[in-house]
Amino acid sequence: MVTTVNCPQCGTLVPWKEDQIWKPFCSERCKLIDLGEWASEGHRIPGPPAHTSLDDNDDSDYH
């Protein structure tokens, strides 16, 4: 019996096999749509923003 998972983008059942190159996605299209959502900040991991001194343009550590 082959394990299947739902494509995170469209919900299609995807066989979890070594030769399924786009897993957990069903296709390259769904993979690229998901990547675009992360890049445009449509998907986010909940929690407070992680800031560093570089994010705040703080040059006090650099002389």
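When the dipole is taken about the Cα centre of the range 1-56, and only Lys, Arg (+1) and Asp, Glu (-1) are charged at their Cβ, what size is it in debye, to the nearest 20? Write out the running numbers ahead of the final one.
Details: 5 positive and 8 negative charges, 61 e Å.
Computed about the Cα centre, the dipole is about 300 debye.
Give me the one-decimal nm value for the distance between modelled label points at GLU37 and VAL5, 7 Å along each residue's Cα-to-Cβ direction.
The two pseudo-label positions are separated by 1.4 nm.
Check which residues have an amide H placed less than 5 Å from VAL5's amide H, if you skip close sequence neighbours.
Long-range HN contacts for VAL5: VAL14, TRP16.
What's the extension gain from THR12 to GLU28 if we count 0.36 nm per residue and subtract their Cα-Cα distance? Walk me through the numbers on the way to the answer.
Details: separation 16, 0.36 × 16 = 5.76 nm, distance 1.32 nm.
Going from the current span to full extension adds 4.4 nm.
Fewest to most neighbouring Cβ within 10 Å: what's the order for GLU28, GLU37? Numbers along the way, then the final one.
Values: GLU28 10, GLU37 13.
Going from sparsest to densest Cβ surroundings: GLU28, GLU37.
Read-outs: derived from the displayed coordinates by stated rules, not from any lab. Because the structure is predicted, anything quoted here is derived from the model rather than measured. Because the Cβ atoms are built from the backbone with ideal geometry, glycine has one as well, and the counts that use them run over all protein chains shown.
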